[in-house]
Amino acid sequence: MSDNSRRVRHTQWAIAAVFFTLGGWALAWPQGVIDLTFLPQYRAGGPMLAFTVACFGAQAMIAGLFAAFSRFTRTTFLAFGIGLLPFFVFDIWFTAIDPVFTPLGWLDAVGNVIMLGLCVAGWRAARNH
């Protein structure tokens, strides 16, 4: 395996790690996510809210599996990076403009920034892949 191929794989695994970390948290401890990241007025909703957060976590875990075990090309990194952009609007809107999340809600944005940076790195590494 060439250095570039190794870098591409490691980059994919790093993207997957973001999904596994944040998604795993939401799946394993949805009430913790709610208590720490939702403003008090949005924590109501009974068990349905915890169920929804856990479902969000499960979806993130699936995305992590795809990121870890697919073959990423330059186009994949580019498309994935472009696909992340609407999530920045979501994070800014629901944390700063019309807040639903506490400041800890910025963790999602941090994860997205990390993944976007990894997409750029992966896109560059895949150039000669």
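Taking N as the number of residues in the range 13-129, what value does Rg over Cα atoms divided by 2.2 N^0.38 Å take?
Cα-based Rg divided by the globular estimate yields 1.14.
Which value, in debye to the nearest 20, gives the size of the charge dipole of the chain about its Cα centre, when Lys and Arg are +1 and Asp and Glu are -1 at the Cβ?
660 debye
Treating the angle as unsigned and between 0 and 90°, give the value, to the nearest 10°, between the Cα long axis of helix 74-92 and the longest Cα principal axis of the chain.
Once rounded, one gets 20 degrees.
Helix 3-28 sits at what angle to the longest principal axis of the chain, using alpha carbons and giving 0 to 90 degrees rounded to 10?
So the helix axis and the longest Cα principal axis differ by about 10 degrees.
Mind listing the long-range amide H neighbours of Phe38? Cut-off is under 5 Å, sequence gap 5 or more, other chains count too, H placed in the peptide plane at 1.01 Å from N.
Thr102
Any read-out appearing in this document is the output of simple, stated calculations on the displayed coordinates, not a laboratory observation. As the structure is a prediction and not an experimental result, all values here were calculated from the model. Please note: Cβ atoms are built from the backbone with ideal geometry, for glycine as well, and neighbour counts cover all protein chains shown.
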